Amino acid sequence: MNRFAPPVCAVAFLLAGAANAAEFDCLIEARQQVDIRSPVEAVIESVQVQRGDLVKKGQVIATLESGPERAALELARSRATMQGELKAAEARMDLAQKKMVRAEELFKQNFVSVNARDEAVAEYRFSTEQLRQAKENQQLAELEVRRSSEVLAMRTIKSPFSGVVVQILQKPGEFSSTNIKDPIVKLAEVDPLHVEVVLPVALYGKIKIGHRATVLPEQPIGGSYSATVKMVDRVIDAASGTFGIRLELPNRNREIPAGARCRVRFQ
């Protein structure tokens, strides 16, 4: 059954509203409300927001203790900047190349044997592989820096959207886990808002996506606001003879609270 569907006895009231003022009861809700949890198990170092705070997308909400992760990142950066192995491999290859060229010249003049020339060629090839290995190790060190950076970033929890802090559930010093039952913070996105409306089936097909409507929040909020139909249910609730729609209500100044009851008038 549609979760917004009223009891059967309310259908007559809805139809009467349609016949008189074309106004219907509605409920203003947050666009989305999410529980912010830790992606890893760690002790909470700080919670940088308070209940009721407005936060922006990407703003730091909480940090977790990250001493070992920071140390691992510094170690990876040190390895990535070390040039000793690479420079030594380049020097060995340069020397082996000169030896090989010299051995080829001496072999052509019959001053060295075939074995001596082959040894010089083999030494050059070996030094070439050593240089390649050194470059690969350098690339691996750079990738380790990226991996360590990502691991450390998981210790900083940021807001996934701009919204308002609904509740703080954990404090610094508490152990945060990936358990679904243990969120750190609850956030709600309140711009735009969603307005949920239940309409009688007689209006099905008459209210369409893109239609404009006027939302009238109950007192003490008051006022009138323009909203747009964003979703119309594809399934009618047979028991009550109603269907639901959702409107999108801009709330840039956050003056309309989520959870308020309202009336909606369609144009």
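Distance cut-off 28 Å, Cα to Cα: go down the list Lys57/Lys230; Lys56/Lys181; Lys56/Lys171; Lys186/Lys208; Lys98/Lys135 and report the pairs above it. Don't jump to the answer; show the numbers that get you there.
On the way: Lys57/Lys230 23 Å; Lys56/Lys181 25 Å; Lys56/Lys171 21 Å; Lys186/Lys208 33 Å; Lys98/Lys135 21 Å.
Violating the 28 Å limit, Cα to Cα: Lys186/Lys208.
Just flag the GluC sites (Glu not before Pro) in region 137-194 sitting in loop per DSSP whose Cβ has no more than 16 other Cβ atoms within 10 Å.
Glu174
Measuring from a point 7 Å past the Cα of Ala91 along Cα-to-C-beta, which residues in region 101-132 have an amide N at less than 18 Å?
Hits in region 101-132 for Ala91 at 18 Å: 124, 127-132.
List His211, His194 from most exposed to least, where exposure is judged by having the fewest other Cβ atoms within 10 Å. Could you put the intermediate results ahead of the total?
Numbers: His211 16, His194 21.
In increasing order of surrounding Cβ atoms, one gets His211, His194.
Take the alpha-carbon positions of region 97-204, form their convex hull, and give its projected area averaged over all directions (one quarter of the hull surface) in nm². Intermediate results must be reported in sequence, preceding the final value.
Values: hull surface 72.2 nm².
For region 97-204, averaging the hull's shadow over all directions gives 18.1 nm².
Mark the label point 7 Å from the Cα of Lys181 along Cα→Cβ and return the residues of region 38-52 whose backbone N is within less than 17 Å of it.
The answer is 38.
Work out Dmax and Rg for region 57-159 from the C-alpha atoms and quote the Rg first, both in angstrom.
23.3, 77
If we count other beta carbons within 10 Å of each Cβ, what is the order of Cys262, Cys26, fewest first? Walk me through the numbers on the way to the answer.
Values: Cys262 24, Cys26 27.
Neighbour counts put them in this order, fewest first: Cys262, Cys26.
Pop a pseudo-label 7 angstrom from the Cα along the beta-carbon direction at both Ser224 and Glu150 and give the gap in nm to one decimal.
Reported label-point gap for Ser224 and Glu150 is 5.4 nm.
Okay, helix-only estimate at 222 nm for the chain: each DSSP H run of n ≥ 4 adds -39500 (n - 2.57), divide by all residues, round to 500 deg cm²/dmol; what do you get?
Helices in the chain give a 222 nm mean residue ellipticity of -12000 deg cm²/dmol.
If each residue's Cβ is checked for other Cβ atoms within 10 Å, how do Leu249, Leu216, Leu131, Leu54 rank with the fewest at the top? Numbers along the way, then the final one.
Working: Leu249 25, Leu216 16, Leu131 20, Leu54 13.
In order of increasing Cβ crowding within 10 Å: Leu54, Leu216, Leu131, Leu249.
So what's the Cα pair-distance distribution over the chain, bin width 10 Å, in %?
Histogramming the chain at 10 Å steps yields 6, 18, 16, 14, 12, 9, 8, 7, 5, 3, 1, 0 percent.
With θ taken as phi - 60° and the coefficients 6.51, -1.76 and 1.60, list the Karplus ³J(HN,Hα) couplings across region 45-53 in order, rounded to whole Hz; mark glycine and proline as x.
Whole-Hz 3J(HN,Hα) from phi for region 45-53: 8, 7, 10, 9, 10, 10, 4, x, 5.
Relative contact order (percent) for the chain, with alpha-carbon contacts under 8 angstrom and 6 or more residues of separation?
On the way: 494 pairs, mean separation 89.3, N = 267.
About 33 percent, as a whole number.
Any idea how far apart Val40 and Thr63 come out in nm if each label point goes 7 Å out from Cα toward Cβ?
The answer from the label model is 1.4 nm.
Looking only at region 90-105, which residues have a backbone nitrogen under 16 Å from a spot 7 Å from the Cα of Val114 in the C-beta direction?
104
Hey, in the GNM for the chain with a 10 angstrom Cα cutoff, which one of Arg102, Arg212, Arg252 fluctuates hardest?
Arg102
Pop out the Kirkwood hydrodynamic radius of region 191-258 from its pairwise C-alpha distances, inverse of mean 1/r, in Å to one decimal.
Final number for the Kirkwood radius of region 191-258 is 12.8 Å.
A short reminder: the numbers here are calculations on the coordinates, not readings from a lab. In this text, all values refer to a predicted model and were calculated from it rather than measured experimentally. Backbone-built Cβ (ideal geometry, glycine too); neighbour counts: all protein chains shown.
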